[in-house]
Amino acid sequence: MNMLIGFEIHQQLATERKMYCDCPTNYQDVPPNTNVCPICTGMPGSKPLSPNEKAVNAAIELALMLSCKVVIGKPTYIQRKHYDYPDLPSGYQRTSLPIAVEGELHGVRIREVHLEEDPGQYDPTVGTVDFNRSGVPLVEIVTEPDMHSPEDARRFLRQLIRVLEFTGKVRPEAGGAMRADVNISLEGGARVEVKNINSVKGAYKALKFEITRQKAKLGRGEAVTRETRAYLESQMITVPMRLKELEEDYRYIPDPDIFPLVIGEAKVQKIREHMVEPPHLREQRLVEQYGIQQAVANVIVSEKAFADLFEEMTKEVNPKLAATWFRTRLKKILNYMKLSAADIKFTPKQLAGLLQMIEHHKITPEQGELVLRELVRKPGNPEELVQRLGLGRVEKKELQLAVKEAVRKNQKAVKDYLAGREEALNFIAGKVMELTKGKADPREVLKLLRAELSKNS
Ligand SMILES: [Zn+2]
């Protein structure tokens, strides 16, 4: 069935000050109603400061990362969007006209990017409001309805979150900073909007639910009418929103207390020069520059710190070797220890030292993994870790002696092997590993054993 899915995504910007006043934005770390002033509590007569420049710049950077055209040289009005709710003492939320338009990410067109401010936090169960969050800057990203399945939508959201995280200009996910409204229309039905989504999983589940619900309705010959619904996270369903919340007559007017924003070419140019490389473009560049596979590049670019560390390594070791280690062993260890690349404590030099030992066959890949695990747990000089863990290759001469000794002491197994029982070779190899205290490379042991035993046959 054909369907069209689009998003409106709100994300808090990681500025230290609020959008129109100087109150701090760390609303989760302080007692209720302490990061407040007459401006962000909407006191009569209070006048907003001009828009927080850091928030404006962050929103421009995000828009550029999404390949948007920034609205340059024209007045961009800050509008008042009116609605009545206890979390909004002034009775209106400030939201800018688009500061950028016509972007694209992962085949999905970005229609507009706006600057907004967060309202306070109202707790309807006890009737209290905390205004610490009131006035925290938000960026709003509106897409065209270019996604065609819940899977599509999920993929896009993940890509978008990665872009947002790469900028380092949004608040980390832990605080549940992302909020999304999703709209969906099935062929033959009207557009339905679902609000209250705050995770990728939530968006996916809400869409799945809506498709089932709307299909059933259409199947019964009923009409799917235009409406706004709320997603209930705990039950993974959507329900109609109360009619009161639907009265979307926001009575937009330009805020007479705030000069419109006028974004200059020079500012945009400066932001463009200093912004980080967007992850989707970086992924492509890694594929081309280092000749690694797309899937590998995708893992490496999953986190900016991870990609940065990888590119550091390419200066010291073969990029393909580094890529393999990043994609498999390092990622596996980090996942197992529930660490992100940003938590890594070892230095790039230490990791490079380890990868060089592997590259130059000073230790086996298996030993390398042990050292890597230790490096993540308790960073140190990789050579010293090899010593401490009692690893390191045996000298060729020593290994040959061990092979000879194992053969001499295990004549029955030798006979079995020569009689065609291949598994006997593994037994003798095990004895060699014992004699070398596990330091030998199993592949090399087998090679030498075969050579040695061929003399006996
Ligand atoms: Zn304030």
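The numbers here are math on the coordinates, done by the rules we state, and not lab data. Predicted model, so just to flag it, every value in this text is computed and none were measured. Using ideal geometry, Cβ is built from the backbone for each residue, glycine included, and neighbour counts are taken over all protein chains shown.
Points to keep in mind about this one:
- A simple count of charges around Ile253, restricted to other residues whose Cβ falls under 15 Å of its Cβ and scoring Lys, Arg +1 and Asp, Glu -1, yields +1.
- Simple Cβ-charge dipole of segment 97-227, Lys/Arg +1 and Asp/Glu -1, about Cα centre, in debye nearest 20: 580 debye
- Between Glu222 and Ser454, full extension at 0.36 nm per residue minus the direct alpha carbon distance yields a gain of 75.4 nm.
- If you look at the Cα atoms of segment 221-321, you get an Rg and a Dmax of 24.3, 66 Å.
- When Rg and Dmax are taken over the Cα atoms of segment 355-416, they come to 15.7, 47 Å.
- Segment 432-443 - phi-based ³J(HN,Hα) in whole Hz, Karplus 6.51/-1.76/1.60, Gly and Pro as x: 5, 4, 4, 4, 9, 6, x, 7, 6, 7, x, 4
- Ordering Pro31, Val56, Tyr85 by the projection of their Cα atoms onto the charge dipole of segment 4-91, which places +1 on the Cβ of Lys and Arg and -1 on the Cβ of Asp and Glu, puts Val56 at the extreme positive end.
- Taking label points 7 Å from Cα along the Cα-to-Cβ direction, Met236 and Glu16 give a separation of 4.3 nm.
- Helix 396-409 vs. the chain, principal-axis angle (Cα, 0 to 90°, nearest 10): 60 degrees
- When Val301, Val407 are arranged by Cβ crowding within 10 Å, least crowded first, meaning fewest neighbours, the order is Val407, Val301.
- Loop-located GluC sites (Glu not before Pro) in segment 356-457 whose Cβ has at most 13 other Cβ within 10 Å (DSSP): Glu395, Glu422
- Of the residues Ile363, Ala402, Ala341, the one whose Cα sits farthest toward the positive end of the charge dipole of segment 313-449, with +1 on the Cβ of Lys and Arg and -1 on the Cβ of Asp and Glu, is Ala341.
- Here's the picture: charge each Lys and Arg Cβ at +1 and each Asp and Glu Cβ at -1 in the chain, and of Pro319, Thr212, Leu115 the one pushed furthest to the positive end of that dipole is Pro319.
- Ranked Lys205, Lys412, criterion: other C-beta atoms within 10 Å, fewest first: Lys412, Lys205
- Overall, the chain carries a charge dipole of about 2160 debye about its Cα centre when +1 sits on the Cβ of Lys and Arg and -1 on the Cβ of Asp and Glu, all other atoms neutral.
- With the biggest extent put first, the Cα atoms of segment 119-198 measure 43, 33, 17 Å across the principal axes.
- Calculated [θ] (222 nm, deg cm²/dmol) that DSSP helices of n ≥ 4 give over the chain, each run adding -39,500 (n - 2.57): -12500 deg cm²/dmol
- A compact globular protein would have a Cα radius of gyration near 2.2 N^0.38 Å; the ratio found for the chain is 1.34.
- Each Cα pair under 8 Å and six or more residues apart adds its separation to the average, and for the chain the resulting relative contact order is 14 percent.
- Relative contact order %, segment 276-389, counting alpha carbon pairs below 8 Å whose residues are six or more apart: 21 percent
- Local net charge near Leu66, Cβ-Cβ under 15 Å (Lys/Arg +1, Asp/Glu -1): -2
- By the count of neighbouring beta-carbon atoms within 10 Å, fewest first, Val101, Val192 end up ordered Val101, Val192.
- Here the Kirkwood formula, the inverse mean of 1/r across different C-alpha pairs, assigns segment 1-107 a hydrodynamic radius of 16.2 Å.
- 18 Å Cα-Cα threshold exceeded, pairs from Lys349/Lys396; Lys18/Lys270; Lys362/Lys396; Lys304/Lys345; Lys304/Lys378; Lys69/Lys270: Lys349/Lys396; Lys18/Lys270; Lys304/Lys378
- Environment charge of Thr15, counting only residues whose C-beta is closer than 10 Å and scoring Lys/Arg +1, Asp/Glu -1: +3
- Short-range pairs are left out: with C-alpha atoms under 8 Å and at least six residues apart, the relative contact order of segment 53-98 is 30 percent.
- Over all pairs of different C-alpha atoms in segment 305-424, the reciprocal of the mean inverse distance, the Kirkwood hydrodynamic radius, equals 16.3 Å.
- Euclidean distance of C-alpha centroids, segment 348-396 and segment 188-235, integer Å: 53 Å
- Assuming charge only on the beta carbon of Lys and Arg (+1) and of Asp and Glu (-1), the dipole of segment 1-82 about its Cα centre is about 340 debye to the nearest 20.
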